[in-house]
Amino acid sequence: MRRMNVPNMLTMSRFVMIPLFLALYFNDHSVAALLIVLLAGLTDLLDGYIARRSGKITTAGIMLDPLADKLMMLSVVAALLVSGEIPWAAAAIMAIRELGMIASSTYFYFRGMKTVPANAFGKVTTAVYYLAIMLLFLDQPGGIVVLWCAIVLSFVTTGVYLMKFRYLNRAS
């Protein structure tokens, strides 16, 4: 039996953080819940960095890393929606995009198509989402505006990924 490498363990830890986040958030520990979200973001940065630096990029990591990120984001969106912190429209748009990304990535992966690695657009989009989440969790002004900016940016990023995906898979 092969042992799991450190980057994949970090990715798997994010799946465990989702129910922990939800339990904390819905038991009125929003700052602790926010810290879990930020810790999940940190593990996301670390797993990719460690995998690239150590040459430990695996098929499992390529599939599970974005899934863990998207499920955490969907959990945050659901929690904020249920608590009335964000509008239905924002939650619906985010959920549709995230679920669409999960479904299309899975479909294309199993069709043997190449995936597009994370790029600067994706990283900026993620940073803007995290800023919106922090503002919302800490009850600071501007959270909804920043959230809408992140949503718009996420669609620009999706367009960039789609163009790169088409180029990458047409060239091979």
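The values are calculated or read from the model by the stated rules, or taken from the named source; none is laboratory data. Please read all numbers here as calculations on a predicted model, not as lab measurements. Cβ atoms come from the backbone with ideal geometry, glycine included; neighbour counts cover every protein chain shown. Side chains are part of the model used for accessible areas, which takes the heavy atoms of the whole protein and leaves out ligands, DNA and RNA. Shrake-Rupley method; radii C 1.70, N 1.55, O 1.52, S 1.80 Å.
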### Message
Let me spell it out: the conditions are (1) farther than 20 Å from Ile96 by Cβ; (2) touching a Pro at 6+ places or on another chain (Cβ under 8 Å), and Leu168 meets all of them except one. Which number is the exception?
### Response
(2)
### Message
With the requirement that a residue be hydroxyl-bearing (Ser, Thr, Tyr) and touching a helix residue (DSSP H, G or I) at 6+ places or on another chain (Cβ under 9 Å), what does segment 105-126 give you?
### Response
Ser105, Thr106, Tyr109, Thr115, Thr125, Thr126
### Task
Look through Lys114, Lys70 and report the one residue that is open to solvent by 60 Å² or more (accessible area, probe 1.4 Å), touching a residue at least 12 places away in the same chain (Cβ under 8 Å), charged (D, E, K, R) and within 19 Å of Tyr161 (Cβ to Cβ).
Lys114
### Task
Please state which of the following conditions Ile86 fails to meet, knowing it meets all the rest: (1) surrounded by fewer than 18 Cβ atoms within 10 Å (Cβ to Cβ); (2) in a loop (DSSP other than H, G, I, E, B).
(1)
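Okay, residues lined up against (1) among the polar types (S, T, N, Q); (2) closer than 19 Å to Trp88 by Cα; (3) touching a strand residue (DSSP E or B) at 6+ places or on another chain (Cβ under 8 Å); (4) surrounded by fewer than 19 Cβ atoms within 10 Å (Cβ to Cβ):
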residue	(1), (2), (3), (4)
Phe108	no, no, no, yes
Thr126	yes, no, no, no
Ala132	no, yes, no, no
Leu138	no, no, no, yes
Val145	no, yes, no, yes
Leu153	no, yes, no, yes
### Query
Only one residue in Ala92, Ala40 is exposed (fewer than 14 other Cβ atoms within 10 Å of the Cβ) and either free of Cβ contacts under 8 Å to residues at least 60 places away in the same chain or not in a loop (DSSP other than H, G, I, E, B) (or both), so which one is that?
Ala92
### Query
Filter segment 10-29 for residues that are free of Cβ contacts under 8 Å to residues at least 24 places away in the same chain and of a type in the set (A, V, I, L, M); which is farthest from Ala78 (Cα to Cα)?
Val16
#### Entry: Residue count for segment 131-162, restricted to those that are part of a loop (DSSP other than H, G, I, E, B) and not small (Gly, Ala, Ser)
4
